[in-house]
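What follows is a set of notes on a single structure, which appears directly below.
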Amino acid sequence: MPATPSNDRTPAPAAPVAIRPVRLLLVNPRFPESFWSFRWALEEILPRKRAINPPLGLATLAALCPPHWDVTIVDENVESIPLAPRADIVGICGMGVQFPRQRELLEYYRGLGHFVVAGGSYASLCPERFEAIADAVICGEAEYIWPQFCRDFGAGIPSRLYRETGTVALTDSPAPRFDLLKLERYTTVTLQFSRGCPYLCEFCDIIVMFGRKPRWKSPDQVGRELDALRLRGVRNVFFVDDNLIGNKKAAKALLAFLAEYQERHDYRFTFGTEASLNLAGDAELLRLFRAANFAWVFVGIESADAESLREVRKAQNLQEDTLVSVRRIYAGGIDVLAGFIVGFDNDTPATFDLQHRLIVESGIQAAMVGLLTALPRTPLHERLEREQRLIADADATNNTRLGTNVIPKRMTYDAMIDGYRTLYERLTSDRGIAERVRNKLRHLRDPVYHAEYTRGERIGIVVRLITRGVLPGGPPRLWHFLRSFPWSAPARMPLAVVDWIAGLAMRDYVRRHFATRLDSQRSTLAARAERLRAALRVYVERGAAFVSFDATALPRLTVSIGGALDRAFFSRLARHVDRLLERTPSCLTLRIDALGAADASRLQRLLRRLAPHGDRISIVLNERVRNLVRVDSSVFHLVVSGRAGAA
Ligand code: B12
Ligand code: SF4
């Protein structure tokens with residue numbers, strides 16, 4: 001892949017370069033489920049929302065296109081992808097966790113004859129992984145190199161790789177095209193003030209991608225973006241900065257501006273952001289955060305053990321006791337969400353208890369604990385490679401699954417996985433959730449957070465929390481819920497509700513994804529699959545369907561449809577598949593090779609019934625039947641087969 005010469009530092013004018021408008025489709029691939037999906041909360045408590053945050057990178061990229069380009073954004077997390085788009089270019093973004101889906105989509109659209117471009121976090125970190133699957137790769141911040149690509153594309157001479165070799169002045173970053181996003185489908189809209197972080201954490205890829213010198217937008221730029229969001233009815237805004245206080249002087253200027261903006265607009269927005277823990281040591285910053293109506297901040301706490309923090313050069317967390325820092329932030333009225341890591345060299349099986357104690361005592365409900373993962377190009381990766389402690393071929397893109405690419409030093413790999421699983425089981429027990437609610441509210445006495453919903457919406461949320469979340473847990477959960485609820489402090493009630501929702505959503509994820517009972521379930525699952533096979537035998541014998549069940553790893557049932565069927569087939573299939581998927585980790589692949597016209601509506605009904613299990617169901621549509629069935633790829637994993645390039 002030839003590297004393009006590094007561009008000059010002047011922002012390229014977005015001049016019209018093509019004779020007819022270029023049609024650009026931008027896609028954010030579906031995420032695999034993680035703690036961040038908050039799936040239970042979205043499905044049970046906030047059913048009108050489909051995801052928590054929109055793809056801000058794509059909206060920014062859209063704003064960098066020449067004005068006459070016709071741009072569409074599709075976020076596969078809230079809507080289905082088009083199978084036959086009218087587009088000259090298809091651009092697909094992605095973090096590492098999205099790579100498998102990003103690759104499938106690049107290959108699919110390329111197979112249809114579109115010019116495909118890859119960009120986003122993972123393409124910025126590992127552009128070489130896209131060499132064979134994309135026509136062009138945008139590596140790094142796009143503000144300068146994307147307009148260059150647009151000009152080259154218009155002139156018919158696009159390069160294979162555009163690499164940002166320096167950094168972008170964020171004053172050159174345009175206001176994102178929020179108008180192209182379906183903002184009403186997200187709980188919180190994102191906005192960015194700065195990029196980069198001055199610290200040195202060994203495992204961090206942010207400083208590899210964005211550097212250690214923070215760069216920021218002017219307060220007026222941010223004000224214009226907020227104006228656009230205000231006009232679109234947005235209330236919750238997440239500043240997705242790597243570290244909003246990376247440059248404290250710039251942060252204070254922004255916060256003072258935001259405080260004044262909020263006052264002018266009747267405190268219209270509730271803000272949240274990411275910042276380093278040393279925020280706690282700056283009283284003026286805390287005061288300004290409150291004045292600007294920041295309700296929460298996500299901080300990287302990482303470890304309860306000072307030795308582990310020293311090991312990974314997280315010096316900014318060593319300025320005072322972590323619990324003291326968290327409580328200082330609470331005292332400022334601001335809620336704390338936090339990231340934790342287990343598996344540092346200094347960590348032993350005893351570390352899990354230390355982490356548990358810190359998380360419980362600090363009352364942090366959204367505690368995102370991850371296994372230490374070595375991302376490519378980070379100092380940690382380089383060190384572990386030298387020490388031969390990387391597990392080749394292990395997935396290093398998602399640090400909250402039960403596996404990592406790091407061989408721990410002072411415990412076995414299995415002990416680390418077991419400790420991690422047990423830690424989350426304890427944290428998400430009814431008692432664990434309740435203890436944290438109580439411990440937080442004891443120190444967060446006057447929260448900024450006040451629930452930005454109407455009275456009717458608030459009542460609906462509480463009723464759903466109780467009927468769908470608390471009561472199904474039986475008397476023990478009800479008891480813990482009632483005991484943790486701040487009955488005498490109405491101002492703290494919204495926060496208790498939010499924390500119970502977050503806790504139960506994380507519990508639901510742990511129960512479904514960290515299951516340990518698979519081995520004991522295998523024989524039951526095999527028996528259920530056998531019953532399904534018997535129920536469909538007549539169709540299999542006449543060659544209209546094919547059924548197989550593989551229980552060696554994650555149990556997977558495959559059903560192929562290849563001829564005319566009838567109503568009985570679909571109702572039997574629905575009944576048996578429901579049983580197989582309900583409360584088990586099994587997966588289903590449904591291959592549709594041929595389909596009678598009468599069967600199309602039956603299949604459609606089947607898909608509606610199976611939608612609650614959609615994240616474990618792959619639908620493989622043969623190109624021939626593509627137009628007969630509508631499969632929502634934001635619900636199911638959709639693959640179109642039978643043409644070159646299709647996955
Ligand atoms: C907001 C955010 C989220 C949101 C989701 C946002 C969304 N809907 O996409 C939430 C909170 C859900 C989230 C979750 C996760 N995240 Co996240 N997240 C971020 C964060 C803080 C900001 C991203 C952002 O909006 N930036 C602002 C935009 C303007 O910048 P940008 O995305 O970099 O885009 C620029 C360029 O990349 C380019 N570009 C972007 N897209 C495209 C597409 C094309 C075609 C082209 C040409 C160019 C291009 O143009 C933009 C302008 O320059 C980043 C940190 C960061 N600084 O990037 C982490 C980050 C992206 N997340 C990361 C991770 C690991 C995760 C999780 C896996 C964590 C976990 N363990 O669970 C989860 C995954 C979610 C899941 N369900 O599985 C990593 C990704 C590492 C990697 N290199 O792949 C990052 C970099 C943070 C980190 N270092 O840990 N995340
Ligand atoms: S504070 Fe956060 S963003 Fe900054 S270097 Fe450390 S992990 Fe990376």
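Which residue is surrounded by the fewest Cβ atoms within 10 Å (Cβ to Cβ), if the candidates are limited to segment 302-336 and must be more than 25 Å from L258 (Cβ to Cβ) and of a type in the set (A, V, I, L, M, F, W, C)?
V324
Could you run through segment 123-145 and say how many residues are in a helix (DSSP H, G or I), away from ligand 2 (no atom under 16 Å from the Cβ) and surrounded by fewer than 24 Cβ atoms within 10 Å (Cβ to Cβ)?
Selection size over segment 123-145: 3.
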Give me the residue from segment 192-231 that is part of a loop (DSSP other than H, G, I, E, B) and of a type in the set (D, E, K, R) and, out of that set, farthest from ligand 2 (Cβ to nearest atom).
K217
If we keep only residues of segment 605-638 that are assigned to a strand (DSSP E or B) and not polar (S, T, N, Q), then the residue farthest from the chain's Cα centre (by Cα) is L621
Does E274 meet the test of being in contact with a strand residue (DSSP E or B) (Cβ under 6 Å, 6 or more places away or on another chain), within 26 Å of Y122 (Cα to Cα) and among the acidic types (D, E)?
yes
Checking T167 against (1) farther than 19 Å from W216 by Cα; (2) of a type in the set (S, T, Y); (3) within 16 Å of ligand 2 (Cβ to nearest atom), which test does it fail?
(1)
Could you please give the count of residues in segment 240-261 that are touching a Lys or Arg at 6+ places or on another chain (Cβ under 7 Å) and more than 16 Å from ligand 1 (Cβ to nearest atom)?
0
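Could you check how many residues of segment 346-366 are among the acidic types (D, E) and surrounded by fewer than 18 Cβ atoms within 10 Å (Cβ to Cβ)?
2
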Qualifying residue in segment 22-42 (condition: at pLDDT 95 or above and more than 15 Å from ligand 1 (Cβ to nearest atom))
no
Counting just the residues of segment 100-122 that are open to solvent by 10 Å² or more (accessible area, probe 1.4 Å) and near ligand 1 (Cβ under 10 Å from one of its atoms), which one comes out nearest to A394 (Cα to Cα)?
Y122
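Rundown of residues vs (1) open to solvent by 40 Å² or more (accessible area, probe 1.4 Å); (2) in contact with a Gly (Cβ under 9 Å, 6 or more places away or on another chain); (3) at pLDDT below 95, yes/no style:
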{"position": "D179", "(1), (2), (3)": "yes, no, no"}
{"position": "Y186", "(1), (2), (3)": "no, no, no"}
{"position": "K213", "(1), (2), (3)": "yes, yes, no"}
{"position": "G223", "(1), (2), (3)": "no, no, no"}
Checking V470 against (1) among the aliphatic types (A, V, I, L, M); (2) closer than 23 Å to R327 by Cβ; (3) touching a Phe, Trp or Tyr at 6+ places or on another chain (Cβ under 6 Å), the condition it does not meet:
(2)
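The values are calculated or read from the model by the stated rules, or taken from the named source; none is laboratory data. Just so you know, these numbers come straight off a predicted model, no measurement behind them. Ideal geometry is used to build each Cβ from the backbone, glycine not excepted, and the neighbour counts take in all protein chains shown. For accessibility, only protein heavy atoms count, side chains too; no ligands or nucleic acids. Shrake-Rupley method; radii C 1.70, N 1.55, O 1.52, S 1.80 Å.
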